Every structure is written in structure tokens, then in C-alpha cells.
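Okay, so here's the structure we're looking at.
The values are calculated or read from the model by the stated rules, or taken from the named source; none is laboratory data. Because the structure is a prediction, the values reported are computed rather than measured. When we count neighbours, we look across all protein chains shown, and the Cβ atoms used for this are built from the backbone with ideal geometry, even at glycine. Only protein heavy atoms, including side chains, enter the accessible area calculation; ligands, DNA and RNA are left aside. Shrake-Rupley method; radii C 1.70, N 1.55, O 1.52, S 1.80 Å.
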Amino acid sequence: MKEYVAEQLELGFLELTAPFDKMTLEKLRAEVMACTRCELHKTRQNVVFGEGNENADLVFIGEAPGAEEDQQGRPFVGAAGKLLTKIIEAMKFTREEVYIANVLKCRPPNNRDPLPNEVTHCKPFLTRQLELIKPKVICVLGTHAARALINSSEGITRMRGQFYMYNGIKVMPTFHPAYLLRNDSAKRPVWSDVQKIMAELGKQSK
Ligand code: URA
């Protein structure tokens, strides 16, 4: 953009009449679909950009697509996704009312943890998604998603249960639904965390 303006000025076009193209989620999606910034593009079946209400008050962010998400090109559609849908509905929202995305848009092989360089390359896409959606609350699921938005090296057990701020938006970290599938005892703290989000968004919990 800066170079373009400088070039236009140099060429003598002092008045820039043509409005710059507005960034939209659709344009951003097209950019992400063509991404080759890291090695994950070589093994992906599909890019998983994210989906839901583009004006959502509430955004959920996971770590990265798994096998099912990679197949379908949609976030949280496997077993953990079904549990996330239940959590969303228990919060008196529908999946369509919220927005769901991941830190990484492509599946890491064998569902390994995201590598630091993958997060570095991919996170700007999430940042721009959040700038466009402008939610009131973000719920980050699990340690990797929490660390992507919250400046902390703590694990999710320590981080969860309280709001943090990210660019003026309230962020609530909680356990990842995949962890919930294996740990029944995490259900109670997750319910407590999402009740705080519901209160923030004016939803009655009972
Ligand atoms: N786990 C995630 O973190 N994201 C998905 O989309 C699916 C499973």
C-alpha cells in the first residue's frame, strides 16, 4: 500500500480518486486458500479457513484442523467438534450465530502440535479475521490457541477461567473439547468458564 501511494505520487497522480479495495472475509479467504507460506500446504487436503457469522459477538478459536476438518475444509466437524457444538448450544447460541476458526488453517501431519514457524506464518490470517469480525468475546480452546492470543507461556490449566484482553476484545481460555472427551473432570471448569462468557454477552445460564 505504501509503495503504491509513493508510486502514484511520483507519477504525478496527487489525487487518488479510486478507492482502495476494502478487505473482506471473502477476499481474505481467497488469499488463505492459495497460501504456501509453510510446509503444511504440501500435505493438506483442504485449507480450513473458518466459518460462521461474520458479525458474531462470540468467536471460538482452536489449534489446527484434524483429519476430518482437513477432509471437509470446515473447522470442528469431528468428534471434538460435535462436543463444541453441544457447548455452543448449552450457551444458548447456535453454531451459525458464532464464528469458529483455528490458529493454523492447515492440518499438521498426524495432528502434531503446531510448530512456532507455522504459527508465525499463519497467525496474521487469524489477526485479520478478528479485525474484520470484531467480536465482543473470544473463547480460545486449549493451550496453543490461548498462547496465540495471550502473551503467556502458561498452560491452559493456569490460564483458564479468567478474561484477558486482546486488541480491546475479552478473551476467555478454556480446555479444548478434545481434552474434554478424555477427561470428564474438565467438564465442570469448562461450564464455569463459558458461563462467564454468557454473562458477558447477556445470556441467562438457567
Ligand atoms: N481441533 C482443533 O483445534 N480444531 C479443529 O478444527 C478440530 C479439532
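Listed values, structure above:
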| item | result |
| --- | --- |
| Enumeration of residues in region 74-94 that are closer than 19 Å to L126 by Cβ and touching a residue at least 40 places away in the same chain (Cβ under 8 Å) | F76, A80, G81, L84 |
| Among (1) of a type in the set (V, I, T); (2) within 15 Å of the chain's Cα centre (by Cα); (3) under 20 Å from V171 (Cβ atoms), the one test that V47 misses | (3) |
| Residue that is farthest from the ligand (Cβ to nearest atom), among those in region 68-77 that are surrounded by fewer than 20 Cβ atoms within 10 Å (Cβ to Cβ) and more than 15 Å from the chain's Cα centre (by Cα) | Q71 |
| Single condition C106 does not satisfy, out of (1) open to solvent by less than 30 Å² (accessible area, probe 1.4 Å); (2) in contact (Cβ under 8 Å) with a residue 24 or more places away in the chain; (3) near the ligand (Cβ under 8 Å from one of its atoms) | (3) |
| Residue tally, condition small (G, A, S) and within 16 Å of the chain's Cα centre (by Cα), over region 140-166 | 4 |
| Within region 40-67, considering residues that are part of a helix (DSSP H, G or I) and surrounded by fewer than 18 Cβ atoms within 10 Å (Cβ to Cβ), the one nearest to the ligand (Cβ to nearest atom) | A67 |
| Residues of region 121-151 that turn out to be more than 16 Å from the ligand (Cβ to nearest atom) and not hydrophobic (A, V, I, L, M, F, W, C), as a count | 9 |
| Answer from K136, K123 - the residue that is open to solvent by 50 Å² or more (accessible area, probe 1.4 Å) and closer than 25 Å to Q204 by Cβ | K136 |
| Pairs where the first residue, in region 23-43, is modelled with pLDDT of 95 or more and the second is open to solvent by 30 Å² or more (accessible area, probe 1.4 Å) and part of a helix (DSSP H, G or I), C-beta under 6 Å, 6+ apart | L25/L132; L28/R128; R37/H121; C38/H121; T43/P109 |
| Filtered residue count, region 81-94, keeping only those that are open to solvent by 20 Å² or more (accessible area, probe 1.4 Å) and within 11 Å of the ligand (Cβ to nearest atom) | 2 |
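Condition check ((1) open to solvent by less than 40 Å² (accessible area, probe 1.4 Å); (2) within 16 Å of the ligand (Cβ to nearest atom); (3) free of Cβ contacts under 8 Å to residues at least 60 places away in the same chain; (4) out of contact with any strand residue (DSSP E or B) (no Cβ under 6 Å at 6 or more places or on another chain)) across all residues:
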{"site": "G168", "(1), (2), (3), (4)": "no, no, yes, yes"}
{"site": "A178", "(1), (2), (3), (4)": "yes, yes, no, yes"}
{"site": "R182", "(1), (2), (3), (4)": "no, yes, yes, yes"}
{"site": "V190", "(1), (2), (3), (4)": "yes, yes, no, no"}
{"site": "A199", "(1), (2), (3), (4)": "no, no, yes, yes"}
